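*Asks:* Provided herewith is a single structure, encoded as structure tokens, for subsequent inquiry.
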């Protein structure tokens, strides 16, 4: 009888643990070099957070206005309702986005400036309705937002979110992900403020 009860308890715990953190799926496209079918470093997360680099192509800054418009229409066709720009705001991009009937939200980030609580709430709200989130290269600032999303919406631990967005991680772009250097210290602390208590090794990497 005791064995039966123990077995049932184990099964129940396994069921509970399976629902403790909702699985997040990242689809990585191949033609993501910024001038082909998809924007630079493009990927789709949970059919809600579309992530990548600038629509102008960070390697060349050579995409025409019409090419940028083509990308916006592609995203719109996928159901994207908003474009969230984490790099320096572009009036040209903003105008095209609005002409195509989408929301343009500028929230500049850098090594020293991260979104406030209010800005983060706005970003997550827009992502819930499908948004394309981009910085310049779709790796560090975008990676920080992806990690924040994984923690806020999917219940990821700080370590698991970090592992997901670093280069080669499940949610990084195929060209590159969140870099492991001191320059990303504040971005790391943005989505993993508990890192000091949880990982001495990661703190060493980022000079914390």
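*Asks:* With r defined as the distance between the Cβ atoms of residue 35 and residue 92 and R0 fixed at 25 Å, what FRET efficiency is calculated, to the nearest 0.05?
*Replies:* E between residue 35 and residue 92, to the nearest 0.05, is 0.90.
*Asks:* Expressed as a rounded percentage, what relative contact order does the chain have, with Cα pairs under 8 Å and six or more residues apart?
*Replies:* Result for the chain is 20 percent.
*Asks:* Ok, one more. Quick one: in the range 99-208, what % of C-alpha pairs are over 19 Å apart?
*Replies:* In whole percent, the long-distance tail amounts to 41.
*Asks:* How big is the antiparallel share of DSSP beta bridges in the chain, given as a percent to the nearest 5?
*Replies:* 30
*Asks:* Report the FRET efficiency, 1/(1 + (r/R0)^6), for residue 154 and residue 181, where r is their Cβ-Cβ distance and R0 is 22 Å, rounded to 0.05.
*Replies:* So, using R0 = 22 Å, E works out to roughly 0.30.
*Asks:* Something else about it: Compute the long axis of helix 117-128 from its Cα atoms, compare it with the longest principal axis of the Cα atoms of the chain, and write down the angle in degrees, 0 to 90, nearest 10.
*Replies:* Roughly 90 degrees between the two axes.
*Asks:* Could I ask something else about it? For a footprinting-style exposure proxy, rank 126, 49, 117, 102 by other Cβ within 10 Å, fewest first.
*Replies:* With the fewest neighbours first, 126, 49, 117, 102 line up as 117, 102, 126, 49.
*Asks:* Oh, and also: Please quote Rg/Rh for the range 25-206 to two decimal places, taking the Kirkwood radius as Rh and restricting both calculations to Cα atoms.
*Replies:* Reported Rg/Rh, Kirkwood definition of Rh: 0.95.
*Asks:* Still on this structure: With axes computed from alpha carbons, what is the tilt in degrees of helix 2-20 against the longest principal axis of the chain, rounded to the nearest 10 within 0 to 90?
*Replies:* 10
*Asks:* If I model a spin label at residue 25 and residue 47 as a point 7 Å from the Cα along the Cα→Cβ vector, what separation in nanometres do I get?
*Replies:* 0.7
*Asks:* Taking a ≥ b ≥ c as the square roots of the eigenvalues of the Cα gyration tensor of the range 64-133, is the shape rounded (a/c under 1.5), prolate (a/b larger than b/c) or oblate?
*Replies:* Oblate.
*Asks:* A follow-up question, please. Between residue 203 and residue 111, what FRET efficiency follows from the Cβ-Cβ distance if R0 is 22 Å, with the result rounded to 0.05?
*Replies:* 0.85
*Asks:* Okay, moving on. What is the distance in Å between the Cα centres of the range 36-58 and the range 106-126?
*Replies:* Using only Cα atoms to place each centre, the spacing works out to 18 Å.
*Asks:* Another question, then. How do 153, 30, 148 line up, fewest other C-beta atoms within 10 Å first?
*Replies:* 30, 153, 148
*Asks:* What ranking of 123, 65 emerges when the number of other C-beta atoms within 10 Å of each C-beta is taken as an exposure proxy, fewest first?
*Replies:* Ascending number of Cβ neighbours within 10 Å: 65, 123.
Here, each number is a calculation from the coordinates, and none is a lab measurement. Here the structure is a predicted model, which means the values were calculated and not measured. Virtual Cβ from ideal backbone geometry, glycine too; neighbours counted across all protein chains shown.
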